[in-house]
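What follows draws every value from the coordinates through simple rules; no lab data is involved. Small disclaimer: the values here were computed from a predicted structure and weren't measured. For neighbour counting, all protein chains shown are included, and Cβ atoms are generated from backbone atoms with ideal geometry for every residue, glycine included.
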Amino acid sequence: MTTTDPQRFTVLLVPEHVEGKGGATVEDSAVRSAVVEATGETGASGYPRYAGNGIEADIDPRTRTVEALLVDGKELVYGLTAKVGS
């Protein structure tokens, strides 16, 4: 992580079947959200690790893409997508 990388993100867990449907925003469609903060570590994916509120995520700070994710210590349930909120 470089010093210019964001220190915090909001991670949104969104059901794939409702994402972007009916004009709802990603934030409105989320079934769970969490503010995650930089841990200073690099995850197995090679991207900076962020953690908070039961969520650990490796996030590419340039593209704001979640590259790896654990929710309450487990892999993401099938049918959910992790997004970085605006």
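Which residues, counting only those in segment 48-86, are hydroxyl-bearing (S, T, Y) and closer than 13 Å to V11 by Cβ?
Once the filter is applied, which keeps residues that are hydroxyl-bearing (S, T, Y) and closer than 13 Å to V11 by Cβ, segment 48-86 yields Y50, T65, T81, S86.
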When only residues in segment 5-34 that are polar (S, T, N, Q) and assigned to a strand (DSSP E or B) count, which is surrounded by the most Cβ atoms within 10 Å (Cβ to Cβ)?
-> S33
Residue pairs qualifying under the 6 Å Cβ cut-off, at least six apart or on distinct chains, with the first in segment 56-72 being under 18 Å from S33 (Cβ atoms) and without any contact (Cβ under 8 Å) to a residue 24 or more places away in the chain and the second being surrounded by fewer than 16 Cβ atoms within 10 Å (Cβ to Cβ) and of a type in the set (A, V, I, L, M, F, W, C), are E56/L70
Reported set for segment 34-84 where residues are more than 12 Å from P6 (Cβ to Cβ) and of a type in the set (D, E) is E41, E56, D58, E67, D72, E75
